[in-house]
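First comes the structure, then the notes that go with it.
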Amino acid sequence: MNKNDFLYLDSQVESYWRGLILFGQNSASYKFAFAKSLLELKPESGKALKLYEIAPNYSKHLIEHLKNSPKQTTSKSSTFISALVQNGIESINQNQVLEETVKRGFVNVVDAFQNIGQTKIPIDFYHYDKRNKQVVMTDEFSKLLQSNQLENLYSEVESRWNLVEHAWSLGITTNVIAVTHDVDENLLFTFDQKIGRRKNITSSRGALNGYQKGFCFYCSAKMNVEDGNETHVDHFIPFKLKKILGETVNGVWNLVLSCKSCNSVSNKGSRLPVQKFLIELNKRNEYLISSHHPLKETLIIQTGDSQQKRKEFLNDIYTKAEPFSGIPWQPKEIRFEKI
Ligand SMILES: [Zn+2]
């Protein structure tokens, strides 16, 4: 699935929004701060939202992220970020921050937010009224606010932001992010050589949900991804086979989000899913790779540097797992057709 398929398979407002978060330009993290602010402020259709009304949320998110991860842009000339860093984040007076934010913080953000690459998406979440320093919200944004996916959308922005800034801090083009999953905490982490310890990058649930869009990988039931009791991180090839197949079982390539019911002992438990889900898993991994997800490099390292190799890798490990997994499992019913 490439990004166009992703966007145009359905014309749901959620898909366009997710497209912006996943594929929009990634030269700085402003768009994440902007997206989070809009989802928090929940402006209704027709509302003219002034930039100074967005500034408190927007700057708060940027400052929070700057504290943990000073690299928030790939551009050396980002004056707004440099101003925040140079002044010492802690010591900046709140009024100065807001003033600076309104003056420079939204440049190339509000006008570019609704683009993917150079192309504007076909719908508008707002119209930008530059002269009056405001955005005027549309019906589409109201539809997004009414979406039953709203909570997931919010946590996806945060997950994506964490992954992107971590990729930047490591320099994704020259370094490999070796991401591992913490089974108990449901976190993805890397081992940071510089500080000599592991660094959590994001919740596994949030990072995996961009593809699944809040649906169970197996039965397509709708899940609240915020709720760890309801949404499980499942090892497609059962975790218990780590003893036989090795550490690779804990790789991101093997993790999917499953509803509580599918992951229960009476259902999938530690069984292998039927072969058709292996095809789905392959599609998911190819999607993350083609969408330039920050986990792209990790997936390539774990499963192969060509589509053919990755397919063979999955088939091979599935074949190795079969003798130890009993009769392959499948859910009794598919509750919704996935898009
Ligand atoms: Zn399920």
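The values are calculated or read from the model by the stated rules, or taken from the named source; none is laboratory data. Keep in mind that this is a model prediction, so the values were computed, not measured. When we count neighbours, we look across all protein chains shown, and the Cβ atoms used for this are built from the backbone with ideal geometry, even at glycine. Only protein heavy atoms, including side chains, enter the accessible area calculation; ligands, DNA and RNA are left aside. Shrake-Rupley method; radii C 1.70, N 1.55, O 1.52, S 1.80 Å.
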For region 197-316, the Cα-Cα pair-distance distribution in 5 Å bins from 0, as whole percents, is 2, 11, 22, 24, 22, 14, 5, 0
Between Asn95 and Val265, the two model label points (7 Å from Cα along the beta-carbon direction) sit apart by a distance in nm of 6.4 nm
Per the rule of 0.36 nm per residue minus the C-alpha distance, extending Lys320 to Asn108 adds in nm 71.2 nm
Any lysines whose Cα falls less than 18 Å from that of Lys47, other than same-chain ones fewer than 8 residues away, would be Lys36, Lys130, Lys133, Lys143
Taking 0.36 nm per residue of separation between Lys67 and Asp305 and subtracting their Cα-Cα distance, the length gained on full extension comes to 82.2 nm
Ordering Arg131, Arg205, Arg271, Arg284 by the accessible surface of their heavy atoms, 1.4 Å probe, largest first, yields Arg131, Arg271, Arg205, Arg284
Residue-normalised value, i.e. accessible area per residue, for region 243-334 at 1.4 Å probe, in Å², stands at 48 Å²
